[in-house]
Amino acid sequence: MPILRVLAALVLSVALGACSADDEPASGGTAAGPSASTDLTQRCGTAIPSDADVRRLVLDGPDGATLSAAVFGPAHARTALVLLHQTGPGGLCGWGRFASRAAEQGLAAVALDMCGYGDSDCPPGLESDPRAQVEAAVAHARDALGARRVVLVGASMGGSNTVIAVSDGAPVDAWVDVSGVSTWNGVRLQSRAGDLREAPPGMIVYARSDGPLEYAAAQRLARTSGARFLDGGSGHGYELMADYRGRLLPAGRAVIHWAQG
């Protein structure tokens, strides 16, 4: 009988060890507990639909940084989006409606709190290096979600940072700048046009409601960098992607189609 008890204990120990290994996230990320989606709903309110397939994640960034993020959609997907947010206290929350609808189309999405937002904790200087922040999310998309195609999408501030990150060599397969301002953090986006010509394909979405000067600057950047240009209608950033009820708008559908390749 003692031998049987020892064998049973060994079997239980192996089983528990297997469960722990399955729960360990890939690529340096830390998975949140069972309350992850509830925590995001409490933080973001109606910006994330109540039926969203979403979980919280903490990514290990460079130089000891920790970047808070949310993963939308399937646990494994051929194509994943990495989403960079606008300014404002909500951080990644603003992508909730669009990311939820993209998930319904089979796309996974990693929405990132950039340095200075949400619970992200960054060493000095990292806030001005969007490529380094993006790389942590891209690594998770490829290693943990199994994505073979990763598309970087940014809105407003995030759109400008998308252009900067891609021109600096962010390891993505395509990119989308939605309403990115023409100069951000001292960087004039037009100065990156040459680098973008050597980068993966991109698309710039802009609305005339942002003013004739910014609209013309976006058109010029698209023309000189080889990116596709899309008139987004009326609005700014997230407003071009989905309405307040979470319904995709024409520009949002175009971005999903572009991401799917």
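Every number in this text was worked out from the coordinates using simple rules, so none of it is lab data. Just so it is clear, the structure is predicted and the values come from calculations on it, not from any experiment. Because the Cβ atoms are built from the backbone with ideal geometry, glycine has one as well, and the counts that use them run over all protein chains shown.
Brief remarks follow.
- Most tightly packed first, judged by the mean number of other beta-carbon atoms within 10 Å of their residues, the peptides 220-233, 244-257 read 220-233, 244-257.
- Full extension of the segment from THR66 to ARG197, taken as 0.36 nm per residue of separation minus the current Cα-Cα distance, would add 44.0 nm.
- The distance from the alpha carbon centre of region 183-261 to that of region 64-127 is 18 Å, rounded to a whole number.
- For the chain, the Kirkwood estimate of the hydrodynamic radius, built from every pair of different alpha carbons, is 18.8 Å.
- Sequence ranges 128-136, 149-157, ranked by mean other-Cβ count within 10 angstrom, highest first: 149-157, 128-136
- Across region 29-260, the mean sequence separation of Cα contacts (distance under 8 Å, 6 or more residues apart), normalised by length, yields a relative contact order of 16 percent.
- Between the helical axis of 250-260 and the longest alpha-carbon principal axis of the chain there is an angle of about 60 degrees.
- Cα long-axis angle, helix 157-167 against the chain (0 to 90 degrees, to the nearest 10): 90
- The string of couplings for region 198-206 from the Karplus curve (6.51, -1.76, 1.60, θ = phi - 60°) is 8, 9, x, x, x, 9, 10, 10, 9 Hz, one whole number per residue in order, with x for Gly and Pro.
- The C-alpha atoms of the chain define a longest principal axis, and helix 130-143 lies at about 50 degrees to it.
- Under the Karplus curve 6.51 cos²θ - 1.76 cosθ + 1.60, θ = phi - 60°, whole-Hz ³J(HN,Hα) for region 101-117, x wherever Gly or Pro sits: 6, 4, 4, 5, 8, x, 8, 8, 9, 10, 8, 9, 7, 6, 3, x, 10
- Ascending count of other beta-carbon atoms within 10 Å, so fewest first, for SER160, SER182: SER182, SER160
- Protection proxy ranking, peptides 237-243, 175-181, average beta carbon neighbours within 10 Å, highest first: 175-181, 237-243
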